[in-house]
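Okay, structure first, notes after.
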Amino acid sequence: MTWLLGDLTVNRIGLGAMRLPQQGTAFDRDARPRDRAQAIEVLRTAVELGVNHVDTAAFYFSATRSANELINSALAPYPDDLVIVTKVGPGRTPQGEWLPPARPEQLRGQVEENLRQLGRDHLDVVNLRISGLDDVTDHFEELARLRQAGLIRHLGLSNVKPHHLDQAQKVAPVVCVQNSFGLGHHPEQDDFLGVCGERGVAFVPFFALTGANREAGTSAGDAEDDEVTGIARAHGATPAQVRLAWTLARGPHVLVIPGTGDPGHLRQNVGAGALDLTPEELTRLDAVHLSGS
């Protein structure tokens with residue numbers, strides 16, 4: 001199961017690096033730093049298991065370490081087939097406070113910071129992450145100039161709406177769209193997922209394991225959990241594996257980047273690629289998904 005990000009072949013199950021610096025997300029103010037050795041182990045184990053798509057950002061850091069530094073320490077010199085995807089737009093102070101979204105002229109500095117932290121002379125894929133921006137043209141034009149200069153190989157978008165993709169594709173090729181999506185989670189994204197497939201653009205869900213409402217920190221409904229758990233039990237799998245397998249079944253252009261700092265969970269996530277859900281099970285899960293709309 002592979003997909004092309006431009007001319008870069010990636011396995012459809014990747015690794016999100018947000019949880020490597022801390023036991024939580026970049027948005028958890030009180031998250032505890034994660035054990036460094038464990039984070040290094042997760043990254044090296046991922047590559048051993050065939051993961052060659054790692055998603056990161058310079059703003060993924062805790063009080064003691066950053067995701068990019070961990071990736072550099074664990075994996076450099078990098079395997080030839082490893083694709084590192086990063087994001088620009090958001091920024092944080094060294095103390096962790098969020099800054100206003102970057103203006104177009106500030107994007108070069110963010111790209112150069114990612115290059116420095118990762119120890120690379122170019123970035124494989126850079127996603128422009130949107131926050132309250134209705135028109136991405138000026139920002140994407142700046143990234144296109146950096147791509148032309150050789151600092152970036154391919155461009156993508158994150159946290160966007162369909163019209164943002166339209167705007168960006170008028171400027172430069174877009175290889176991926178990274179949006180919040182999962183089973184029972186943002187079913188309104190279904191149409192956009194389809195549009196991306198029609199255009200040959202990878203759709204890369206983040207928070208694919210959250211389920212309905214869990215992005216906000218609450219649990220999903222009992223019916224959803226019961227359905228997922230029942231199917232998982234029938235396959236001798238975990239509910240997380242069922243969620244990932246359902247997501248991958250949405251189309252060959254759909255990639256997943258589940259984040260974890262636990263080697264055991266990593267192995268389970270990668271194992272989801274071997275889970276073959278039946279058409280009847282997919283239909284049941286589709287109904288669960290649409291019940292959240």
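What follows is calculated from the coordinates using simple rules that are stated; it is not laboratory data. Treat the numbers as computed from the prediction; the structure is a model and nothing was measured. Note that we place each Cβ from the backbone using ideal geometry, even for glycine, and neighbour counts take in every protein chain shown.
Numbers at a glance
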read-out	value
Theoretical gain in end-to-end length, ASP134 to ARG199 [0.36 nm per residue, Cα-Cα removed]	21.3 nm
Using a Förster distance of 25 Å, the FRET efficiency for ARG267-LEU99 (Cβ separation, nearest 0.05)	0.10
Potential extension, GLN148-ASP81 segment - 0.36 nm per residue separation minus Cα distance	21.9 nm
FRET efficiency for THR283 and SER180, using Cβ-Cβ distance with R0 set to 25 Å, rounded to 0.05	0.55
Relative compactness, the chain, computed as alpha-carbon Rg over 2.2 N^0.38 Å	0.95
Low-density loop positions, GluC sites (Glu not before Pro), the range 67-128 - DSSP coil, at most 10 other Cβ in 10 Å	GLU97
Förster radius 22 Å - calculated FRET efficiency between ASP166 and GLU141, Cβ distance, rounded to 0.05	0.90
Note, ³J(HN,Hα) from phi for the range 230-241, Karplus 6.51, -1.76, 1.60, rounded to Hz, x at Gly and Pro	x, 5, 4, 4, 5, 9, x, 10, 9, x, 4, 5
Phi-based couplings in Hz for the range 246-258 (Karplus 6.51, -1.76, 1.60; Gly and Pro marked x)	4, 4, 4, 6, 5, x, x, 8, 8, 10, 10, 10, x
Net lengthening on full extension, THR229/ILE40 (0.36 nm per residue, minus Cα-Cα)	64.9 nm
